[in-house]
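A.B. asks: Input: one structure, supplied below.
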Amino acid sequence: MTDRTISVIGLGKLGLPLAACLATKGFDTIGVDLDAAKVDATNKGIPSIFEPGLKELLRSGHRHLTATQDIQEAVLDSEVTFIVVPTPSEPEGGFSLKYVLSACDSIGRALRSKDDFHLVVLTSTVMPGATQDSVRPALEEASGKRCGADFGLCYSPEFIALGSVIRDFLNPDFLLIGESDPGSGDALESLYAQVCDNSPPVSRMSFINAELAKLAVNTFVTTKITFANMLARICEQLPGAQVDTVTSALGLDSRIGPKYLKGAIGYGGPCFPRDSVALATLGTRIGAPVLLAEATHKANLEEVHRLADLVTSMLPPSGVAGILGLAYKPETDVVEESQGLLLAQELAERGISTIAYDPAALGATEHILGDSIKYATSVARCAQESDV
């Protein structure tokens, strides 16, 4: 059993699984959300989001997990606070801190009346410079205390994928920690050692280096995906060429590796597209051109148009296009930047009759596309009613 109580602010698609994982590991965990429905569901052990394995995890950790709408109460009753709130993309490509700073204000006011050292861990993705220039001052101003002396602050973003959040939390490839001081980094590393099922390497550094590393990792992965897709386009035009054969050879090179190296459609989801754009935005702001990130994003945007052209070329007159898969990946209902949804939207805009099916994401898609496409009730029905 553990001897620390942890509060988790934000019970969304990352925060709720994180809280459940901590509770299952024996930490007394307090989940916090302004949404009363999420708080009530959590206290009843009912998942408020779609994530494989979450229901079972909530059941196994229910003795150690409670939820509340009161941030200050949760902070006062815990020793560590994770901030897992949204940082929405801004029009120019950066990330908004409005939810983070609101949480910091409440955390800081609680710390003002607390004598014990408290560790604050920001996991939400932010732009380089945000933790030092905005988050830290907000906590210090609201608390009247000094970061690194009276309380600790770490920036520790997660590298997880929806649909495998629990596995990724418990078995990370590595842990990234940006720390205000060595003691805070030690405390967080020790906590992770009690949570992770594997023994991942830990990379500790300053806030800004950790912030940049988060964006850089995802941008490198998207570049790798886009490179494989470029090879796929070449292979399509060369008789006898097979992209899987080519990329399997590339993956044998230890400098490259096989992960994410497969010719397919473009990438999507809530992290990859916006992190690549954010890195390009950062480069523009500071006068350091990030041409590779810009080219990767531009090439990925073209994937949907290329695929729509391919579908159009194969359709008979007045034919119907069928799409199987609307979420951005398996085992999730998230359609943000999904290639399936974007393809359906593109075909509908071209006046092509389209029918689609997804076992989890029909509701989310209908909310966005409405009646511009038809929705099948099964894979078989989608195939039966389409020509391509």
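The values are calculated or read from the model by the stated rules, or taken from the named source; none is laboratory data. For clarity, every value in this text was computed on a predicted model and none was experimentally measured. Note: ideal-geometry Cβ built from the backbone for every residue, glycine included; neighbour counts use all protein chains shown. For accessibility, only protein heavy atoms count, side chains too; no ligands or nucleic acids. Shrake-Rupley method; radii C 1.70, N 1.55, O 1.52, S 1.80 Å.
A.B. asks: Run the numbers on the chain and let me know its relative contact order in percent, using alpha-carbon pairs under 8 Å that are six or more apart.
C.D. replies: Once normalised by length, the contact order is 11 percent.
A.B. asks: Restricted to Cα positions, what overall size does the stretch 51-144 have along the principal axes? Three whole-Å values, descending.
C.D. replies: Dimensions of the stretch 51-144 along the principal axes of its Cα atoms: 41, 37, 19 Å.
A.B. asks: Turning to a different aspect of this structure: If I model a spin label at PHE174 and GLU90 as a point 7 Å from the Cα along the Cα→Cβ vector, what separation in nanometres do I get?
C.D. replies: 2.9
A.B. asks: Quick one: net charge around GLY12, please, counting Lys, Arg +1 and Asp, Glu -1 for every other residue with C-beta under 14 Å from its C-beta.
C.D. replies: Here the count lands on -4.
A.B. asks: Another one. Any idea what angle helix 207-236 forms with the longest principal axis of the chain, computed on alpha-carbon atoms, 0 to 90 degrees, nearest 10?
C.D. replies: The answer is roughly 10 degrees.
A.B. asks: If packing is taken as the average count of other Cβ atoms within 10 Å, what order do 224-233, 10-19 fall into, highest mean first?
C.D. replies: Ranking the peptides 224-233, 10-19 by packing returns 10-19, 224-233.
A.B. asks: Ok, one more. What percentage of all Cα-Cα pairs in the chain are separated by more than 42 Å?
C.D. replies: 17
A.B. asks: When ranked by the protection proxy of mean other Cβ atoms within 10 Å per residue, highest first, what sequence do the peptides 107-118, 241-252 form?
C.D. replies: Top of the packing list down: 107-118, 241-252.
A.B. asks: Express the carbon and sulfur contribution to the solvent-accessible surface of the stretch 16-90 as a percent, rounded to the nearest whole number, probe 1.4 angstrom.
C.D. replies: Carbon and sulfur together cover 52 percent of it.
A.B. asks: Something else about it: How large is ³J(HN,Hα) for each residue in the stretch 87-101, as worked out from phi by the Karplus curve 6.51 cos²θ - 1.76 cosθ + 1.60 (θ = phi - 60°), to whole Hz, x for Gly and Pro?
C.D. replies: Per residue, the Karplus-derived 3J(HN,Hα) values read 10, x, 5, 9, x, 7, x, x, 10, 6, 9, 4, 6, 5, 5 Hz.
A.B. asks: Roughly speaking, what is the stretch gain from LEU252 to ALA36, that is 0.36 nm per residue apart minus the C-alpha to C-alpha distance, in nm to one decimal?
C.D. replies: Extra length from LEU252 to ALA36 when fully extended: 72.7 nm.
A.B. asks: Show the residues, 5+ positions off or on another chain, whose built amide H is closer than 5 Å to the amide H of SER353.
C.D. replies: ALA321
A.B. asks: Counting other C-beta atoms within 10 Å, and keeping those with at most 12, which DSSP coil GluC sites (Glu not before Pro) do you find in the stretch 53-108?
C.D. replies: GLU92
A.B. asks: Net charge within 10 Å of ILE30 by Cβ-Cβ distance, Lys/Arg positive one each and Asp/Glu negative one each, not counting ILE30 itself?
C.D. replies: -4
A.B. asks: Between MET127, MET205, MET314, which gets the highest mean-square fluctuation from a Gaussian network model of the chain, Cα cutoff 10 Å?
C.D. replies: Checking each option, the largest mean-square fluctuation is seen for MET314.
A.B. asks: Something else now. Keeping all protein chains in place, calculate the accessible area per residue for the stretch 308-388 (probe 1.4 angstrom), answer in Å².
C.D. replies: 52
A.B. asks: Right, here's the next one. Excluding same-chain residues fewer than 8 positions from LYS98, which lysines have a Cα within less than 23 Å of its Cα?
C.D. replies: Straight-line reach from LYS98, under 23 Å: LYS13, LYS38, LYS145, LYS214.
A.B. asks: Follow-up. Per-residue ellipticity at 222 nm for the chain, helices alone: DSSP H runs ≥ 4 residues times -39500 (n - 2.57), over residue total, nearest 500 deg cm²/dmol?
C.D. replies: The per-residue figure over the chain is -14000 deg cm²/dmol.
A.B. asks: Going by alpha carbons, how many degrees (0 to 90, nearest 10) lie between the helix axis of 291-314 and the longest principal axis of the chain?
C.D. replies: With rounding to tens, the tilt is 40 degrees.
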